[in-house]
Amino acid sequence: QVRVVESGGGLVQPGGSLRLSCVASGSIKSIDVMGWHRQAPGKQRELVADIFEGGNTYYVDSVKGRFTISRDNAKNTAYLQVNSLKTEDTAIYYCNVRGIYSGTISTFSAWGQGTQVTVSS
């Protein structure tokens with residue numbers, strides 16, 4: 001079993017910054033992708049950013065230049081630095097981790113419970 005825990009959310013004024021963290025633990029052999037998704041009230045969950053094992057990244061257009069995803073492979077941890085926040089960034093931010101279970105060739109996709117980011121003056 002794989003557990004994913006997010007942290008770092010909070011209330012911030014427009015233009016502010018936060019650093020979100022995502023830690024994966026459990027029966028992990030390797031992690032291929034760590035990604036951040038978000039879900040605003042009344043909207044579908046959307047992919048915000050992905051980071052792959054080799055370090056390649058993907059960002060949705062609306063956050064390019066403002067958000068930066070990074071990872072520490074030794075710690076099974078991903079970060080999302082969110083800068084120049086806008087009110088429309090308000091959402092619950094979820095981390096998704098995809099990889100291979102230890103001792104097997106079976107893949108997993110695990111989600112955390114989310115961390116709330118609220119941008120308001």
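Just so you know, all these numbers are worked out from the coordinates, no wet-lab data involved. As the structure is a computational prediction, the values presented were derived from the model and not from experiment. Note: ideal-geometry Cβ built from the backbone for every residue, glycine included; neighbour counts use all protein chains shown.
Going by Cα centres, region 62-99 and region 1-25 are how many Å apart?
Cα centres, region 62-99 to region 1-25: 8 Å.
Name the trypsin sites (Lys or Arg not before Pro) in region 67-114 that are in a loop by DSSP and that have at most 15 other C-beta atoms within 10 Å, would you?
Numbers: sites: R71, K75, K86, R98; in loops: K86.
Of the trypsin sites (Lys or Arg not before Pro), the ones in loops of region 67-114 whose Cβ has at most 15 other Cβ atoms within 10 Å are K86.
Using a Debye calculation, one point per C-alpha and no hydration shell, please list log10 I(q)/I(0) for region 52-121 at q = 0.18, 0.19, 0.27 Å⁻¹ in order.
These q points yield log10 I(q)/I(0) values of -0.85, -0.92, -1.42.
Give the cross-link partners of K29 among the lysines, using a straight C-alpha distance below 30 Å as the criterion and excluding same-chain residues fewer than 8 apart.
Correct list for K29: K75.
Compute the semi-axes of the equivalent ellipsoid of region 1-70, taking the square root of 5 times each eigenvalue of the Cα gyration tensor, and list them largest first in whole Å.
Semi-axes from the Cα gyration tensor: 23, 15, 13 Å.
Taking the structure as given and computing Cα extents along the principal axes in Å, which label from (i) 40, 29, 25; (ii) 51, 30, 23; (iii) 49, 25, 23 fits?
Checked against the structure: label (iii).
Which listed residue (Y79, S121, G99) has the Cα farthest towards the positive end of the charge dipole for region 57-121, taking +1 on Lys and Arg C-beta and -1 on Asp and Glu C-beta about the Cα centre?
G99
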